[in-house]
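First comes the structure, then the notes that go with it.
The values are calculated or read from the model by the stated rules, or taken from the named source; none is laboratory data. From a predicted model like this one, the values you see are computed outputs, not experimental measurements. Note that each Cβ is placed from the backbone with ideal geometry, even for glycine, and that neighbours are counted across all protein chains shown.
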Amino acid sequence: MSVGYTERQQAMLQEMGIRVWVPPRVEVAEAAVPVVDVVVEGVGARVRGHDERGDVVARVVEVSAPVSGTVPEPVSELVPASVVALRSTGVAAMDWDALRAAVSSCRACTLCERRKQTVFGVGHPQAQWMLIGEAPGEQEDLQGEPFVGKAGQLLDNMLRAVGLTRSEAPAHEQVYIANVLKCRPPQNRNPEPQEVAQCEPYLLRQIALVQPKLILAMGRFAVQSLLKTAEPIGRLRGRVHEVQGVPVVVTYHPAYLLRNPLDKARSWEDLCLAREVMARAG
Ligand code: SF4
């Protein structure tokens, strides 16, 4: 641990599993650097980062008073992994209310600038099935809900075919639906790796809170982001993967199926595999 922390602060950081590096001989003007508030239950830690020379200055300003669960402030695209990791630690301690508030006011990547609203996710908070897609499109951005419009209708039909729904129902029937990104990329372009890195802690926390028995990952981007792979969906389908200890079945995005209806049969095979996994899980 670095010079400049009290013993108590060092102990607290160690307890949190956080290693903070402070480069020597660097003074940072407050106004010149981006600020990230990392909030952990019972601990308020303010990190100041700057990218001059590619270094980060990080220090704990306040440790002791509980801090309510919010809100990562703007983060430069050059913010290094250590700062992202600190922020992830804060998100990983949030409950549903804190997580929802953090997402709705998040400005951790530039996608915040053009969104109409964030799209957090919908469904049963203890759903057995969790569906994960890519990012909000135009309609989702307007309505604040994932998978709306024609793709959403197709998804609803697919869910109905296996006895599931996104509407209110018991946890074994109602799914939870979330996207990898909570804000719409302009012109529905592919998400950038930096945007995924900033947004990923929210999705991982959603998975941890829902604790689903199965994740259905939908579409190339969601699948590859979730499984950390560049393999195409065609090679990932038909097998059971795992994320955070949860079995993951891979399938096509409903929007893709609207353009490629012949692949609906494959999508049905994927749903059948998912049902098998659920049956095995009891
Ligand atoms: S996409 Fe995610 S990380 Fe970026 S501003 Fe929206 S909520 Fe924050």
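The figures follow:
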quantity: Residue identified as aliphatic (A, V, I, L, M), closer than 19 Å to GLN153 by Cβ and surrounded by 12 or more Cβ atoms within 10 Å (Cβ to Cβ) among LEU209, LEU257; calculated: LEU257
quantity: Selection from region 146-204 of residues that are under 21 Å from ALA274 (Cα atoms), of a type in the set (Lys, Arg) and in contact (Cβ under 8 Å) with a residue 12 or more places away in the chain; calculated: ARG166
quantity: Some residue of region 226-233 being small (Gly, Ala, Ser) and either within 19 Å of PRO125 (Cα to Cα) or within 16 Å of the ligand (Cβ to nearest atom) (or both); calculated: no
quantity: Any hit, region 143-156, residues being in a strand (DSSP E or B) and in contact with a Leu (Cβ under 9 Å, 6 or more places away or on another chain); calculated: no
quantity: Matching residues, region 163-187, being surrounded by 15 or more Cβ atoms within 10 Å (Cβ to Cβ) and not in a strand (DSSP E or B); calculated: LEU164, ARG166, ALA169, ALA171, GLU173, VAL175, VAL180, LEU181, LYS182, CYS183, ARG184, PRO185
quantity: Elements of type strands (runs of 3 or more DSSP E) contained in region 34-139, each with 3 or more residues being at pLDDT below 90; calculated: 35-40, 43-48
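Listed here are the residues, each with its yes/no results for (1) small (Gly, Ala, Ser); (2) in the same structural domain as LEU131 (by TED's automatic domain parsing); (3) in contact (Cβ under 8 Å) with a residue 60 or more places away in the chain; (4) farther than 16 Å from VAL175 by Cβ.
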{"residue": "MET218", "(1), (2), (3), (4)": "no, yes, yes, no"}
{"residue": "ILE233", "(1), (2), (3), (4)": "no, yes, no, yes"}
{"residue": "GLY238", "(1), (2), (3), (4)": "yes, yes, no, yes"}
{"residue": "HIS241", "(1), (2), (3), (4)": "no, yes, no, yes"}
{"residue": "GLN244", "(1), (2), (3), (4)": "no, yes, no, yes"}
{"residue": "TYR256", "(1), (2), (3), (4)": "no, yes, no, yes"}
{"residue": "PRO261", "(1), (2), (3), (4)": "no, yes, no, yes"}
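For (1) modelled with pLDDT under 95; (2) of a type outside the set (S, T, N, Q); (3) near the ligand (Cβ under 9 Å from one of its atoms), each residue gets a yes or a no:
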{"residue": "LEU164", "(1), (2), (3)": "no, yes, no"}
{"residue": "TYR176", "(1), (2), (3)": "no, yes, no"}
{"residue": "PRO185", "(1), (2), (3)": "no, yes, yes"}
{"residue": "PRO193", "(1), (2), (3)": "yes, yes, no"}
{"residue": "CYS199", "(1), (2), (3)": "no, yes, yes"}
{"residue": "ARG205", "(1), (2), (3)": "no, yes, no"}
{"residue": "ALA208", "(1), (2), (3)": "no, yes, no"}
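Every residue, every condition in (1) in contact with a Cys (Cβ under 8 Å, 6 or more places away or on another chain); (2) basic (Lys, Arg); (3) surrounded by fewer than 20 Cβ atoms within 10 Å (Cβ to Cβ), yes or no:
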| position | (1), (2), (3) |
| --- | --- |
| THR118 | yes, no, no |
| GLY121 | no, no, no |
| TRP129 | no, no, no |
| GLU145 | no, no, yes |
| MET158 | no, no, no |
| ALA161 | no, no, yes |
